[in-house]
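Working notes, beginning with the structure itself.
The values are calculated or read from the model by the stated rules, or taken from the named source; none is laboratory data. Keep in mind that what you see is a predicted model, and the values were worked out from it rather than measured. Cβ coordinates were reconstructed from backbone atoms using ideal geometry, including for glycine residues, and neighbour counts include every protein chain displayed.
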Amino acid sequence: MANAPREIIIAKNLGFQYVGARRAAIQGIDLSIREDEFILLTGPSGCGKTSLCRCLNGLIPNFYQGEWTGELLVDGLSVTTQLTSELSRRVGYVFQNPENQLFALTVEKDIAFGPENLGLSREEIRQRVDEAMNVTGTLPLRDLAPYELSGGQQQRVALAGVLAMKPSVIVLDEPTSFLDPRTAEEVMRATDDLRRELGLTIVVVEHRLDLVARYAERIVVMDAGKIVADGDLEETLDEKFDLLAGLGVGIPRVSLLWAALRRDGLVSGKVPTRVEDAASSLGGMMSQ
Amino acid sequence: MITLEKVSFTYRSGQRALQDIDLNLEGGDFIAIMGENGAGKTTLAKHLNGLLKPSQGRVLVDGDDTRKVSVARLSRKVGLVFQNPDHLLFSETVKDEVAFGLKNFGFAPEVVHNQVIRTLEALGLSEYAETSPFLLSGGERKRVALAAILATEPDYLILDEPTIGQDYQQKERLRNFILQLYSQGKAVVMITHDVEFVAESNPKVILLSQGRIVAQGPADSVLSKDELVKKASLVRPQMSRLFGELTKYGLPSDVVDVHRARILLEEKLSEAKVRVAQNS
C-alpha cells in the first residue's frame, strides 16, 4: 500500500439541505478522490457544485445551517466532527473573485495571515510565506497592496495564501471567471504546476471545459444535487456527449462541431477536445 | 443616442484609464467591449450612465451632458448591471429585489407586480420569486441582478461580464434575450472576456487596450486576427484557431462560430467523400 495513491476525499451518501431551502442542495453523493488527482467539477448553474466544495473544507455544516446526511472524510478527518480550523489547514479554497479573499495591506501580510493564525513560530511563518510566493511567482509583488494588482496577480496571491497553509487539497471555485483569457490560462497552468511539484489534489469548478481539459484527467458532472457522470474526461465527453450537452455543460466548441459532423455521417471516431487534434483529423480527411 | 467625444479619464491616483475614446451608441446596436484586465472596460461602462465623468471630452446621453444631469435621472435611461451581483442585492426575496427599482421610479403597485412577474419568467427565475437572493447560486444571483435592471426597461443596457458563472444553457438564454432587446430597438453593450460567447453572438466588437480603442468591427473579423487578439490579452475562439490550421484546404480564415464552421466543413468533407468514392 505504501506507494498506492491514497484516497484523500471519501463521500458516502452525502447530502445537505440549507435552512429555508425547498430542496436539498446535494444528495446521495458518493465520491472518492485520490491524492494528486486533478478533477474538473462541473454542471449547470445551481446544480450543487459549490455546495459540495463547501462541504470539503467544512464551511458546510459549520458555517451554513441546514440538514446534513451521510458521511464525508477529508484526509482521514470526518467533516462533521472536526473543527473547521483543522479542515481549512488541509483544504485550501480559492474563490471566484480574488477581491473577496484579499484584505491585508501588503501581499506578504496577506499570505502570512493564515499561518499566523495557526500560531506558528516567526521563522516557520517566514519560510512558508517565502515558499508560497516562490512557487506562485508572487515574490516581486511582496510589498504591493492587493488592490494595486491585476486580476491574475490577485488570483496568484490568493493561491499563495492558500498554499502557505500547506494543504493537501486545493479547491478552486471558478477561479478564472474574472480574468481575461490569457491570464486565465496562466492561472490554470500555475495550478497544474503546483500539483506536479507538490503532489496536491486539485478540484476545479468550471463551466468552460476548454480551459481545463488540458490538465484535468477526470470529470465529475452534477445535476440537481447529484453526480450524473464521473470518469476520464475525454472518454466521458465522448460516451456521454448527449447527456452533457443536454445539461448545458460548457463543451468545447471543437467537440460540438465534431459531434455535429459525426451526426451528419461525415466524420467518425472519438470527439476531440483540443483544436490541434480536430485540425489534424479534419486535415487528413480533406487531403484525401 | 449616447455619444462619447474624445473622452479621457484619469483616476485621482494619477492612473490614466481612458484615452481619446470616441463612440456612438444608438437603439438597435449590440456592442461587445473586450480587452485585458485593467484595459479600462469597466471605467468606460461607468461613463455611459454618468457614474464617472470624463476628465477630458464629454459624454452625451440623448443630448444631455452627463456632467450636468444627475445619475438618478440617467439611470432611468441607462441600466448598468455590475459584474459582481453582491454589490447590488440586498432585499429579502428575489421578487422584492426586482421590484425595488420600479418602486423607486414611482410605478403603480400593479404595474410593478406585472413587470416583476414578466421579468422573472423571461430569465427563468419564477420559481425563486419568494426565495432570498442569498440562498441562490452565484450564477442565479447574477440573473437576479440583471432582472432588477431589466425590469425598469432602460433604453440602453450595459452588462458588465454577464456570462460569468452562467452555464451553457443560461448563456443561450441570455443570448436570445439580448437579441430580443436590440431587435426591439434597445441598445445593448456588454463588457466581456468570453470570446466564445461573442463569437456565437456576432456583435460589433470594440477592442480596448491600455485605455485606448485599438480595433473595432464585426466579431468575426476582429476575433480572427491573432495580433489584435493577443494585444488585448484574449485568445482566438476555438473555431478561429481551427480554421487558421485549415486555410490550405481552401477554407476561409475568419470563421469564429460553430454554425458557419459546420456549413463550410460539410461542403468540403462531402467533396472529399465523393473524390474518395470516384478514386476507388
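For this structure, a couple of remarks:
- The residues on offer are B:ASP194, B:ASP220, and the sole one that is assigned by TED's automatic domain parsing to the domain that holds B:PHE30 and either closer than 27 Å to B:ASN49 by Cα or in contact with a strand residue (DSSP E or B) (Cβ under 7 Å, 6 or more places away or on another chain) (or both) is B:ASP194.
- Test for A:PHE16: is it among the aromatic types (Phe, Trp, Tyr) and out of contact with any strand residue (DSSP E or B) (no Cβ under 8 Å at 6 or more places or on another chain): no
- Only a single item in (1) basic (Lys, Arg); (2) within 17 Å of the chain's Cα centre (by Cα); (3) under 27 Å from A:HIS207 (Cβ atoms) is not met by A:ARG182, and it is number (2).
- Test result for B:GLN170, surrounded by fewer than 18 Cβ atoms within 10 Å (Cβ to Cβ), within 14 Å of chain A (Cβ to nearest Cβ) and touching a residue at least 40 places away in the same chain (Cβ under 8 Å): no
- Lone qualifier among A:ARG262, A:ARG253, A:ARG274 - being touching a residue at least 40 places away in the same chain (Cβ under 8 Å), more than 7 Å from chain B (Cβ to nearest Cβ) and within 30 Å of A:ALA224 (Cα to Cα): A:ARG274
- Selection of region A:62-82 for residues being closer than 22 Å to A:GLU7 by Cβ and touching a helix residue (DSSP H, G or I) at 6+ places or on another chain (Cβ under 8 Å) yields A:TRP68, A:LEU72, A:VAL74, A:ASP75, A:LEU77, A:VAL79, A:THR80.
- The residues of region A:175-209 that are of a type in the set (Asp, Glu) and away from every other protein chain (no Cβ under 14 Å), listed by number, are A:ASP192, A:ASP193, A:GLU197.
- Spans of helices (runs of 4 or more DSSP H) in region B:190-280 with at least 2 residues hydrophobic (A, V, I, L, M, F, W, C), surrounded by fewer than 19 Cβ atoms within 10 Å (Cβ to Cβ) and within 13 Å of chain A (Cβ to nearest Cβ): B:258-279
- Verdict on B:ILE206 being out of contact with any helix residue (DSSP H, G or I) (no Cβ under 6 Å at 6 or more places or on another chain) and in contact (Cβ under 8 Å) with a residue 60 or more places away in the chain: yes
- Helices (runs of 4 or more DSSP H) fully within region A:1-110 that include at least 2 residues being within 14 Å of chain B (Cβ to nearest Cβ): A:49-56.
- Residue count for region A:186-232 satisfying the condition of being touching a residue at least 24 places away in the same chain (Cβ under 8 Å) and either within 30 Å of A:GLN17 (Cβ to Cβ) or not in a helix (DSSP H, G or I) (or both): 29.
- Per-region count, region A:112-128, residues assigned to a loop (DSSP other than H, G, I, E, B) and without any contact (Cβ under 8 Å) to a residue 24 or more places away in the chain: 3
- Note on region B:70-92: residues that are surrounded by 15 or more Cβ atoms within 10 Å (Cβ to Cβ) and more than 22 Å from the chain's Cα centre (by Cα) total 1.
- With respect to (1) at pLDDT 95 or above; (2) touching an Asp or Glu at 6+ places or on another chain (Cβ under 6 Å), the lone exception for A:LEU257 is condition (2).
- Of the residues A:GLN65, A:GLN82, A:GLN17, the single one that is loosely packed, with under 15 Cβ neighbours inside 10 Å and more than 30 Å from A:ALA145 (Cα to Cα) is A:GLN65.
- Search result, residues across region B:16-37 that are closer than 14 Å to B:ASP155 by Cβ and within 14 Å of another protein chain (Cβ to nearest Cβ): none
- With respect to the conditions (1) at positive phi; (2) touching a residue at least 12 places away in the same chain (Cβ under 8 Å); (3) not basic (Lys, Arg), A:GLY76 falls short on a single one, namely (2).
- Exactly one residue out of A:PHE16, A:PHE38 is out of contact with any Pro (no Cβ under 6 Å at 6 or more places or on another chain), closer than 24 Å to A:LEU209 by Cβ and in contact (Cβ under 8 Å) with a residue 24 or more places away in the chain: that is A:PHE38.
- For region B:18-35, a residue qualifies if it is over 12 Å from B:ILE213 (Cα atoms) and either among the acidic types (Asp, Glu) or in a strand (DSSP E or B) (or both), and the qualifying residues are B:ASN24, B:LEU25, B:GLU26, B:ASP29, B:PHE30, B:ILE31, B:ALA32.
- Restricting attention to region A:144-154 and to residues that are within 10 Å of another protein chain (Cβ to nearest Cβ) and either in contact (Cβ under 8 Å) with a residue 40 or more places away in the chain or not in a helix (DSSP H, G or I) (or both), the residue that is surrounded by the fewest Cβ atoms within 10 Å (Cβ to Cβ) turns out to be A:SER150.
- Some residue of region A:227-235 being more than 11 Å from every other protein chain (Cβ to nearest Cβ), touching a Gly at 6+ places or on another chain (Cβ under 7 Å) and surrounded by 16 or more Cβ atoms within 10 Å (Cβ to Cβ): no
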